[in-house]
Amino acid sequence: MVDTHQNLASQLQEALLIVEDDPDAQKKLCQALESEGSIITAHSLSVPAALQQLLTSVVIIGRCDANTLFLMKEILSYSPRTKVLVVVDSDSNSDAMLAMESGAFDVVERPFDDALLRMLVRRARHISQLEHEVDRLKSYERRQESIVGGSLQMMQLMRMVDRVSLTDINVLIYGESGTGKALLARAIHDRSPRSQKPFVTINCASIPEELLENELFGIESDTLGVRRVKIGKIESAHGGTLFLDEIGDMPLHVQAKVLRFVQDRVVDRIAGQRSIPVDVKLVCATHQDLTQRSTEKRFRDDLLHCIAEVPISIPPLRERSDDVLLLAKTFLLQFNQSMNRNIAGFTEDALEALLAYMWPGNVRELQNKVKSAVIMADGDKITAADLALTKEHKKDSGLPLNLRQVREEAERQAVTRALARAEGNMSQTANLLGVSRPTLYTLIEKYALPR
């Protein structure tokens with residue numbers, strides 16, 4: 001049975017849930033907490049139903065016994081962030097210890113002081129709010145670093161990411177510098193069942209060769225009879241995802257040891273006395289042609305086969321011009337916020353310059369150019385001059401000589417640019433192109449463009 005001191009609309013607010021089967025004890029708890037807002041009361045058997053009906057961050061259980069401990073585990077499994085306060089008898093230290101060990105946020109000794117109980121409830125709510133704020137900020141930071149792209153190539157790429165994320169298959173990401181290999185590795189982790197576990201990354205090109213093995217596998221030492229252990233990156237990723245960036249730069253002698261880890265999922269620390277089992281999802285990345293390096297005997301062929309169970313290639317930005325304006329506008333929004341600017345957008349000449357540039361540094365270069373332009377812009381819009389793009393990397397039109405192909409390529413580019421400028425708004429896109437909406441849909445279908 002679930003009861004409430006207010007109407008059902010109050011259940012959508014931050015309510016307190018009091019679980020107590022004894023009517024007198026339940027009444028005393030309700031009276032003590034009546035100043036703390038909405039109160040929902042429930043018998044122990046109806047707690048699961050109560051949790052489904054209301055939004056709460058604090059639950060008070062009026063007694064501590066075997067059923068209470070089971071109930072608390074049920075509450076925390078349903079909502080791990082819920083703060084559970086348990087009322088215990090003042091002469092039973094064992095109950096208090098058992099409640100805390102089972103996951104209680106705090107205990108309240110009976111007979112309790114009403115003011116103390118209210119203070120503990122407010123403290124539990126405050127901690128819960130802080131945790132939710134941390135989660136919100138982490139989610140925002142993750143969105144800021146998410147993969148952005150509306151081109152057909154990126155849509156196909158993200159479909160692959162969604163599929164491999166659900167498995168423990170080893171993934172090798174190919175891509176030029178600046179294409180976002182690390183972001184893609186993070187996206188694979190975030191979409192996987194391991195998303196709440198560690199995401200550990202190590203750049204094999206940035207660590208001196210003599211230190212890389214220690215960083216990966218850890219080391220044990222014995223100084224004056226005291227055994228010291230430094231956990232390696234592989235071991236610290238247990239349960240989560242290990243990202244080996246620029247694995248093509250890994251020395252051959254380290255590759256041999258990594259091969260054993262990949263095949264057997266065990267780690268042998270330097271000077272260690274036993275093999276340690278590890279459970280990780282492995283994602284690697286490189287800007288190099290590992291097949292060529294394997295032919296040149298600079299990368300182990302057997303290791304390549306193991307880490308590239310599913311290879312994924314990120315196309316360079318020059319091959320997906322459909323994404324340039326979308327990325328530029330996304331970066332503009334981010335830098336407007338982080339730099340407290342209010343740049344409204346890009347001028348026409350800036351948009352043309354963005355699309356005409358080759359982007360040898362890929363997405364990273366585009367991000368840096370937009371960041372610099374946000375700082376340098378004097379007006380309310382970024383101009384081509386603000387972007388400071390060099391002429392030597394300007395695209396050649398690259399159009400074919402066949403007139404039909406020329407017309408189709410020009411048509412496809414016009415539709416792509418119009419979609420980007422109108423940010424996907426079909427009516428505005430049709431107006432920019434001077435065609436009807438049915439004609440626009442036909443063109444999108446003809447060239448397989450994302451809407």
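The values are calculated or read from the model by the stated rules, or taken from the named source; none is laboratory data. Everything numeric here is computed off the predicted structure, so don't read it as measured data. Methodologically, a virtual Cβ is constructed for each residue, glycine included, from the backbone with ideal geometry; neighbour enumeration extends over all protein chains shown.
Results, tabulated for the structure shown:
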{"item": "Unmet requirement for H189, which otherwise passes all of (1) closer than 24 Å to R159 by Cα; (2) of a type outside the set (S, T, N, Q); (3) over 21 Å from the mean Cα position of the chain (by Cα)", "result": "(3)"}
{"item": "Test: residue in the stretch 256-276 that is in a helix (DSSP H, G or I), within 22 Å of G180 (Cβ to Cβ) and either within 27 Å of the chain's Cα centre (by Cα) or assigned by TED's automatic domain parsing to the domain that holds Q292 (or both)", "result": "no"}
{"item": "Within the stretch 60-96, tally of residues that are surrounded by 15 or more Cβ atoms within 10 Å (Cβ to Cβ) and outside any loop (DSSP other than H, G, I, E, B)", "result": "16"}
{"item": "Some residue of the stretch 294-301 being within 22 Å of N170 (Cα to Cα) and under 24 Å from the mean Cα position of the chain (by Cα)", "result": "no"}
{"item": "Among (1) surrounded by fewer than 19 Cβ atoms within 10 Å (Cβ to Cβ); (2) in contact with a helix residue (DSSP H, G or I) (Cβ under 7 Å, 6 or more places away or on another chain); (3) under 25 Å from M160 (Cβ atoms), the one test that I188 misses", "result": "(1)"}
{"item": "Of all residues making up the stretch 363-389, the number that are surrounded by 21 or more Cβ atoms within 10 Å (Cβ to Cβ) and in a helix (DSSP H, G or I)", "result": "7"}
{"item": "Conditions (1) out of contact with any Lys or Arg (no Cβ under 9 Å at 6 or more places or on another chain); (2) more than 25 Å from L449 (Cβ to Cβ); number of the one not met by P360", "result": "(1)"}
{"item": "Of all residues making up the stretch 96-132, the number that are over 16 Å from Q26 (Cα atoms) and among the charged types (D, E, K, R)", "result": "6"}
{"item": "Check on E176, within 28 Å of R298 (Cα to Cα), touching a helix residue (DSSP H, G or I) at 6+ places or on another chain (Cβ under 7 Å) and not small (G, A, S)", "result": "yes"}
{"item": "Failed item in (1) closer than 20 Å to K329 by Cβ; (2) under 33 Å from the mean Cα position of the chain (by Cα), with L432 passing the rest", "result": "(2)"}
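Every residue, every condition in (1) surrounded by 14 or more Cβ atoms within 10 Å (Cβ to Cβ); (2) in contact with a Cys (Cβ under 7 Å, 6 or more places away or on another chain); (3) among the aliphatic types (A, V, I, L, M); (4) modelled with pLDDT under 95, yes or no:
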| position | (1), (2), (3), (4) |
| --- | --- |
| S221 | no, no, no, yes |
| K230 | yes, no, no, yes |
| I234 | yes, no, yes, no |
| T241 | yes, no, no, no |
| E246 | yes, yes, no, no |
| L259 | yes, yes, yes, no |
